[in-house]
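Only one structure is covered here, and it is reproduced in the block below.
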Amino acid sequence: MVQGQHAAAGAAFGGEEVKLQHRAIVAAAGRAAVARAGNGSSGYHSEKHRERLDGRVATRHGPMRTPALLLVPLLALLTLFGLPPPARAAEPGCGPFTVSLYDFGRLFYRDAQGQGQGVDKDLVDALAQRSGCKLSTIVDSRARIWDQLARGTLEITTSGVATPERERMAEFWPYFRSRNRAVVRAAQAQQWASLADFLADRPRRVAVVKGFRHGQSIDAFLDQVRAEHRVDEVASFEAAYRVLIAGRVDLIFGHPFNMPGLEAGMAAPVALLDWAPQDEVQGCLVVSTSRVGVADRQRLQAALKSLLRDGSVDTILARHIRPELLTASRLADAR
C-alpha cells in the first residue's frame with residue numbers, strides 16, 4: 001500500500017518534472033533567438049527590431065507569443081530531449097454549402113414514406129463524408145435553381161449539363177453520362193421516324209422542363225419548334241410525362257433510367273425513340289465560382305474524383321438504375 005503511494009507520487013513528480021523541463025527549453029530557445037535577433041543593440045532598438053521581424057514578440061504592450069524566428073531552435077531542442085512538438089492548428093472548415101436537388105426520375109425522387117432517394121441524394125451524402133465539407137440539401141425547381149446560380153445565391157446543384165453560358169458562373173464536374181430519347185405514346189411510335197418528321201407535322205406539340213438542356217441536336221430542334229409556338233414549358237419531368245399521357249402534347253424528351261418508376265404509376269404505355277444518337281450528355285456536379293472559394297472547390301473536386309476512382313459512384317448508380325442501363329450511365333474515363 002505504502003509502496004503504491006510512493007510509486008504514484010513518483011510518477012506525478014516525474015510528470016511535473018517533464019512539464020518544467022519542457023517550459024525551460026521553450027524559455028531558453030526564446031532567449032537565445034531574441035539575443036540573436038537583437039544583434040547586440042540597445043534594449044530599445046532590439047525591442048523595435050523584434051516587432052518589425054514578426055509583430056508577435058512580447059513587449060510591454062502585449063502577451064508573449066511565439067514568432068516564426070523561434071520555431072527552428074525550439075523544435076530542435078524538443079527533438080533532442082524526446083518531447084513532442086507543439087500541436088498544429090486544425091485544418092480550416094469547408095462550408096456550410098447548400099446543394100439544391102430537383103425531382104428527376106431515378107436521380108431524385110421520394111419514396112412511399114416521403115423520404116428523398118436517388119443517385120443525386122446518395123452522391124451528396126458520400127461527397128460530404130469524403131470531403132469533410134458541410135453540405136445541406138434542399139429541393140427546388142430546375143428553373144429556380146439556374147436562376148439562383150446566375151444571381152449568386154446558391155452554391156451547388158446536381159445533374160447539370162454544361163453550356164458556355166453556364167460555365168461563366170460555375171464549374172462542372174461530370175459523374176455520369178446519358179442520352180435523351182424521344183418519348184411518345186406507344187400508339188404513335190410509328191408516326192414519326194426522326195426529329196425532322198416531327199418538325200414537319202405542324203399541329204404536334206412538345207413539352208419541355210424549363211431550364212433543361214438536352215444535347216446539341218435536340219436543343220436545335222427545340223429552338224425551331226419554339227419559334228413556331230409549339231412548346232409547352234413545365235416545372236418538372238414528372239409534369240411533362242403527365243401531360244404527354246393526357247394527350248395534351250405529343251412528345252417529350254427523357255433519359256431511359258427515368259422511365260420505369262413513372263410507368264409503374266401511369267396507365268398508358270410509352271415508347272422511347274433514339275432520334276439523336278450523337279447527343280450524349282454528361283451529368284455534372286455544378287459548383288458556383290462566386291459562392292465557393294478556390295480551396296473548397298479543389299477539396300470537393302478531389303473528393304468527387306476519389307469517389308469515381310474507387311467505384312463508389314458506380315455503387316450509387318447501381319443502387320438506383322436498372323442493370324441493363326448501368327454501363328451506358330458510367331463515365332468512360334471515370335477511373
With Gly247 itself left out, Lys, Arg at +1 and Asp, Glu at -1 over residues whose Cβ is under 12 Å from its Cβ give +4
Could you calculate the FRET efficiency of Ala150 with Ala186 from 1/(1 + (r/R0)^6), where r is the beta carbon distance between them and R0 is 56 Å, rounded to 0.05?
-> 0.90
By average Cβ neighbour count within 10 Å, what is the ranking of 191-200, 286-295 from highest down?
-> 286-295, 191-200
Please compute the net charge surrounding Trp275, taking Lys and Arg as +1 and Asp and Glu as -1 over other residues with Cβ under 15 Å from its Cβ.
-> -4
For Val119, Val225, Val243, order by how many other beta-carbon atoms lie within 10 Å, fewest first | Val243, Val225, Val119
Peptides 270-277, 173-180: what's the order by average Cβ count within 10 Å, highest mean first?
-> 173-180, 270-277
For an R0 of 30 angstrom, estimate the FRET efficiency from the Cβ-Cβ distance between Gln113 and Ala200 and round to the nearest 0.05.
-> 0.05
Tell me, what is the FRET efficiency for Lys134 and Asp223 to the nearest 0.05, using R0 = 35 angstrom and their Cβ-Cβ distance as r?
-> 0.30
Just need log10 I(q)/I(0) for the stretch 181-273 at q = 0.15, 0.16, 0.19, 0.21 Å⁻¹, Debye formula, equal scatterers on the alpha-carbon atoms, no solvent, rounded to two decimals.
-> -0.51, -0.59, -0.85, -1.07
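Taken together, the values in this text are just the output of simple stated rules run on the coordinates, not laboratory data. Quick caveat: nothing in here was measured; it's all calculated off a predicted structure. Here the Cβ is made from the backbone with ideal geometry for all residues, glycine too, and neighbour counts use every protein chain on show.
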